[in-house]
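To start, the structure under review is shown below, and the notes come after it.
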């Protein structure tokens with residue numbers, strides 16, 4: 001069970017991020033999660049959206065350079081140690097988290113959600129499931 005993440009490359013200058021969000025807003029696309037990492041010249045905006053096809057089409061039409069990557073969405077109890085429990089399971093299974101970002105669950109106040117990129121998503125999903133930790137689908141995310 002994976003999610004589709006859009007990674008958009010943006011120039012690190014005033015207004016570039018706003019152009020990206022403007023493109024999504026004009027196309028009625030809702031961002032469910034977002035992360036921004038930067039260097040001195042460029043940034044990578046990682047987003048999870050409610051409509052992947054519409055978002056990628058709109059961004060490409062606006063001349064943004066992007067890729068789509070499979071990532072995991074993990075439901076974490078919104079309590080002290082919740083994330084630590086997930087990371088322990090992944091570490092014990094020799095699964096490296098390459099990057100991650102989190103968001104709260106909207107209507108679901110009992111959980112926070114972690115978006116993470118790992119080399120072997122299927123192994124991560126299986127290891128987490130064995131410990132009773134749920135991963136979410138694209139449909140689950142849209143419903144939050």
Please give the number of the condition residue 68 fails out of (1) over 17 Å from residue 117 (Cα atoms); (2) touching a helix residue (DSSP H, G or I) at 6+ places or on another chain (Cβ under 7 Å); (3) surrounded by fewer than 16 Cβ atoms within 10 Å (Cβ to Cβ). (1)
Condition check for residue 23: closer than 27 Å to residue 123 by Cβ and at pLDDT 95 or above: no
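Residues checked against (1) surrounded by 12 or more Cβ atoms within 10 Å (Cβ to Cβ); (2) modelled with pLDDT of 95 or more; (3) within 18 Å of the chain's Cα centre (by Cα); (4) within 21 Å of residue 7 (Cα to Cα):
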{"site": "27", "(1), (2), (3), (4)": "yes, yes, no, yes"}
{"site": "36", "(1), (2), (3), (4)": "yes, no, yes, yes"}
{"site": "40", "(1), (2), (3), (4)": "no, no, no, yes"}
{"site": "43", "(1), (2), (3), (4)": "yes, no, yes, yes"}
{"site": "63", "(1), (2), (3), (4)": "no, yes, no, yes"}
{"site": "76", "(1), (2), (3), (4)": "yes, no, yes, no"}
{"site": "130", "(1), (2), (3), (4)": "no, yes, no, no"}
{"site": "135", "(1), (2), (3), (4)": "yes, no, yes, yes"}
{"site": "141", "(1), (2), (3), (4)": "yes, no, yes, yes"}
Within segment 12-41, residues being in contact with a strand residue (DSSP E or B) (Cβ under 6 Å, 6 or more places away or on another chain) and part of a strand (DSSP E or B) number 7
Index of the failed condition, residue 119 passing every other in (1) closer than 30 Å to residue 56 by Cα; (2) surrounded by 14 or more Cβ atoms within 10 Å (Cβ to Cβ): (2)
Only helices (runs of 4 or more DSSP H) wholly contained in segment 47-140 count here; list those with 3 or more residues that are touching a residue at least 40 places away in the same chain (Cβ under 8 Å) and assigned by TED's automatic domain parsing to the domain that holds residue 8. 52-61
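The values are calculated or read from the model by the stated rules, or taken from the named source; none is laboratory data. What you see is a predicted model, and the numbers here were worked out from it, not measured in a lab. Glycine gets a Cβ as well: all are built from the backbone with ideal geometry, and neighbour counts include every protein chain shown.
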